[in-house]
Amino acid sequence: MKMVLMLISLLVAIVTIFNVNLEDRMIMLGEVRSYGTVILAAHDAAVVDKSLKAEGYIVFDEIAGTANFRRSLKDNLVLDDQLYPINNAIFSGQIKTVGLFFVGDNKVPHDGLGRPIYPYEFVQSVMYRNEVITLRETLLGPSVVALIEAPLNVEGDIVKLKKAVYRYLDKRL
């Protein structure tokens, strides 16, 4: 009987350790997947308005960029049209876009010759879960700043906010 109780205790300890280790790995995997995806999505959102590019300015097409951002999230995280996971053990709910900001040459200060001034201190406040969050980034050129919410499929309903800044690289720098 003593041996049976020891085996049961050992089995409970092993299952507990395995479960904790599995949750830690799920959190790490969820963080890596959501961060990598928001970087790709911010890159995909950087659609340049070609009519102003000919004049030397980088201005983003926000309508096309927003559609590309959403499509990139959907494709890279395997989400449905409402951005809920499809057959995914990593995420537990809808991936939400908390903020998507297109900071082109038209949204920064200009010098006396009409050239955009970089670096630019981007500061934007967004409402998130009834609290105001302030995003602060030093932008070295035209950029797309994105912030998403990714609920992870682990005990305790952990939600991660992931931010990415994609700087559009042009030939000016």
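Where a number appears in this text, it was derived from the coordinates with a stated rule and is not lab data. Since we're looking at a predicted model, the values are computed, not measured. Here the Cβ positions follow ideal geometry from the backbone for every residue, glycine too, while neighbour counts run over all protein chains shown.
Scan the stretch 65-173 for GluC sites (Glu not before Pro) in coil per DSSP, keeping those whose Cβ has at most 11 other Cβ atoms within 10 Å, and list them by number. Listed in order of number, the matching sites are 155. Excluding same-chain neighbours fewer than eight residues apart, the lysines reachable from residue 163 by a Cα-Cα span under 21 Å are 74, 96, 107. Using a ≥ b ≥ c from the Cα gyration tensor of the stretch 67-119 (square roots of the eigenvalues), is it rounded, prolate or oblate, where a/c under 1.5 gives rounded and otherwise the larger of a/b and b/c decides, a/b for prolate? Prolate. With θ taken as phi - 60° and the Karplus curve 6.51 cos²θ - 1.76 cosθ + 1.60 applied, the whole-hertz 3J(HN,Hα) list for the stretch 56-67 is x, 10, 9, 10, 8, 7, 5, 5, 5, x, 5, 5 Hz, x standing for glycine and proline. Divide the volume of the convex hull around the Cα atoms of the stretch 2-167 by the residue count and you get 125 Å³ per residue.
Annotation note: trypsin sites (Lys or Arg not before Pro) in the stretch 50-123 located in DSSP loop regions with a Cβ neighbour count of at most 13 within 10 Å are absent.
Distant-in-sequence amide contacts of residue 83, defined by a placed amide H-H separation under 5 Å and a gap of 5 or more residues or a different chain, comprise nothing.
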